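The values are calculated or read from the model by the stated rules, or taken from the named source; none is laboratory data. Because the structure is predicted, anything quoted here is derived from the model rather than measured. Every residue, glycine among them, receives a Cβ derived from its backbone with ideal geometry; neighbour counts consider all protein chains shown. Side chains included, ligands, DNA and RNA excluded: accessible areas come from the protein's heavy atoms. Shrake-Rupley method; radii C 1.70, N 1.55, O 1.52, S 1.80 Å.
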Amino acid sequence: MSDSLPTTPDAVRQRAAAADNRRRRQARPASRQWRRRGLMTAYIVFVLLPIYWLLNMSFQSNTEILGGLTLWPENFTLEHYAKIFTEPSWYMGYVNSITYVLMNMLISIAVALPAAYAFSRYQFIGDKHLFFWLLTNLMAPPAVFLLPYFQLYYTVGLFDTHIAVALAHCLFNIPLAVWILEGFMSGVPKEIDETAFIDGYSFPKFFVKIFIPMISSGIGVTLFFLFMFSWVELLLASTLTSTGAQPIASVMTQTKGASGIDWGTLAAAGTLTILPGIVVVYFVRNHIAKGFALGRT
């Protein structure tokens, strides 16, 4: 005698309810997945839309930009990029910016590495207070130090030089670098230092060959933040320079002429200012990923 499912009304309703619950459970992950994809797509569009619009404007003439709303260039032109790469007032802005940014990164990381090592390995009188004082420099806006820097650099002859901007940015970048690197160095066991010294390593040799490679992710993250601050900072860079070391951010604020604002050239210059950041992120992307996962940031 074969088994058969009960056919009473209650049993049929229970089986139908169970089947409906199974279908809902199977459909729920799919609906959640589509919801997440939709939110992610909307977020990506929201983030990339200004960049696309900037790129779109850089290939349009000023007449087309002011004439109406267009989703892509109707009369494609490269005149704005040609103007930037042929006029010294424009392309030297990029050269000046890259020059003082690289100088600042080199000075900041060279000072911050031994300082962060001292804070992570040694205890001395006032170490916590000194570390806190370094961090308080990050809390002050650059405008607070603008007048002292201007008077000092003008007196000693550093006004309108690359080193002037690089040193001014060190006031903010060195404390930031020390704070980030101290977190990574504190995660390295002190026994490694002791073992290296027992094996006959001098401190410089140990620091360069053993310790720095162990915190390479932290250095990558630090360089990323140093570049970001120094590249986008405008107030100090524009005030401490005149013509010889004027950064691109300052040049972009001077696009207004007798005929109005040169929107196309301004958009092309803005597009080109994004490229160095993309290059930096590309080369330190692996270190940034490890740093965000392992370090203080």
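Against the criterion of being in contact with a Lys or Arg (Cβ under 6 Å, 6 or more places away or on another chain) and either charged (D, E, K, R) or over 30 Å from Ser238 (Cβ atoms) (or both), Gly126 does not qualify.
Conditions (1) out of contact with any Asp or Glu (no Cβ under 6 Å at 6 or more places or on another chain); (2) of a type in the set (S, T, N, Q); (3) within 15 Å of Arg121 (Cβ to Cβ), marked per residue:
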| position | (1), (2), (3) |
| --- | --- |
| Thr161 | yes, yes, no |
| Ala164 | yes, no, no |
| Glu182 | yes, no, yes |
| Gly187 | yes, no, yes |
| Asp199 | yes, no, no |
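Let's see how each residue does on (1) out of contact with any Phe, Trp or Tyr (no Cβ under 6 Å at 6 or more places or on another chain); (2) over 26 Å from Ile212 (Cα atoms); (3) of a type in the set (Gly, Ala, Ser):
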residue: Pro114; (1), (2), (3): yes, no, no
residue: Ser120; (1), (2), (3): yes, no, yes
residue: Ile125; (1), (2), (3): yes, yes, no
residue: Leu130; (1), (2), (3): yes, no, no
residue: Leu146; (1), (2), (3): yes, yes, no
residue: Tyr154; (1), (2), (3): yes, yes, no
residue: Ala166; (1), (2), (3): no, no, yes
residue: Cys170; (1), (2), (3): yes, no, no
residue: Leu181; (1), (2), (3): yes, no, no
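Candidates in the stretch 1-49 are the residues that are at pLDDT 70 or above and β-branched (Val, Ile, Thr); of these, the one that is farthest from the chain's Cα centre (by Cα) is Thr41.
Against the list (1) touching a Phe, Trp or Tyr at 6+ places or on another chain (Cβ under 9 Å); (2) surrounded by fewer than 12 Cβ atoms within 10 Å (Cβ to Cβ); (3) aliphatic (A, V, I, L, M); (4) modelled with pLDDT under 85, the condition Leu134 fails is (2). Can you find even one residue in the stretch 230-237 that is surrounded by fewer than 16 Cβ atoms within 10 Å (Cβ to Cβ) and free of Cβ contacts under 8 Å to residues at least 60 places away in the same chain? Scanning the stretch 230-237 turns up at least one residue that is surrounded by fewer than 16 Cβ atoms within 10 Å (Cβ to Cβ) and free of Cβ contacts under 8 Å to residues at least 60 places away in the same chain.
Here are Thr222, Thr243: which of them is farther than 14 Å from Leu176 by Cβ and either β-branched (Val, Ile, Thr) or open to solvent by 40 Å² or more (accessible area, probe 1.4 Å) (or both)?
Values: Thr222 fails: farther than 14 Å from Leu176 by Cβ.
Exactly one residue qualifies, and that residue is Thr243.
Considering only residues in the stretch 196-207 that are open to solvent by less than 90 Å² (accessible area, probe 1.4 Å) and not aromatic (Phe, Trp, Tyr), the one that is nearest to Ala116 (Cα to Cα) turns out to be Pro204. With respect to Gly260, determine if the residue is in contact with a Leu (Cβ under 9 Å, 6 or more places away or on another chain), more than 14 Å from Tyr94 (Cβ to Cβ) and either at pLDDT below 90 or crowded, with 21+ Cβ neighbours inside 10 Å (or both). Judged against the criteria, Gly260 is a match. Condition check for Phe172 on (1) assigned to a helix (DSSP H, G or I); (2) over 17 Å from Leu236 (Cβ atoms): one failure, at (2). If the condition is being part of a loop (DSSP other than H, G, I, E, B), over 30 Å from the mean Cα position of the chain (by Cα) and surrounded by fewer than 17 Cβ atoms within 10 Å (Cβ to Cβ), then the stretch 52-72 contributes Gly68, Leu69, Thr70.
Of everything listed in (1) over 16 Å from Leu275 (Cβ atoms); (2) surrounded by fewer than 12 Cβ atoms within 10 Å (Cβ to Cβ), the single unmet condition for Glu79 is (2).
Listed here are the residues, each with its yes/no results for (1) of a type outside the set (Val, Ile, Thr); (2) touching a residue at least 40 places away in the same chain (Cβ under 8 Å).
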position: Arg32; (1), (2): yes, no
position: Tyr43; (1), (2): yes, no
position: Leu55; (1), (2): yes, yes
position: Ser58; (1), (2): yes, yes
position: Glu79; (1), (2): yes, yes
position: Ile84; (1), (2): no, yes
position: Met92; (1), (2): yes, yes
position: His129; (1), (2): yes, no
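For Leu167, indicate whether it is at pLDDT 90 or above, within 19 Å of Pro114 (Cβ to Cβ), of a type in the set (A, V, I, L, M, F, W, C) and open to solvent by 50 Å² or more (accessible area, probe 1.4 Å). So Leu167 passes the test. Residue check: Ala115 meets all listed conditions (1) modelled with pLDDT under 95; (2) surrounded by 15 or more Cβ atoms within 10 Å (Cβ to Cβ); (3) within 25 Å of Ala249 (Cβ to Cβ) but one, namely (3). For Trp34, work out the one condition from (1) touching an Asp or Glu at 6+ places or on another chain (Cβ under 9 Å); (2) open to solvent by 60 Å² or more (accessible area, probe 1.4 Å); (3) of a type outside the set (A, V, I, L, M) it doesn't fulfil. With (1) touching an Asp or Glu at 6+ places or on another chain (Cβ under 9 Å); (2) open to solvent by 60 Å² or more (accessible area, probe 1.4 Å); (3) of a type outside the set (A, V, I, L, M) applied to Trp34, the lone miss is (1).
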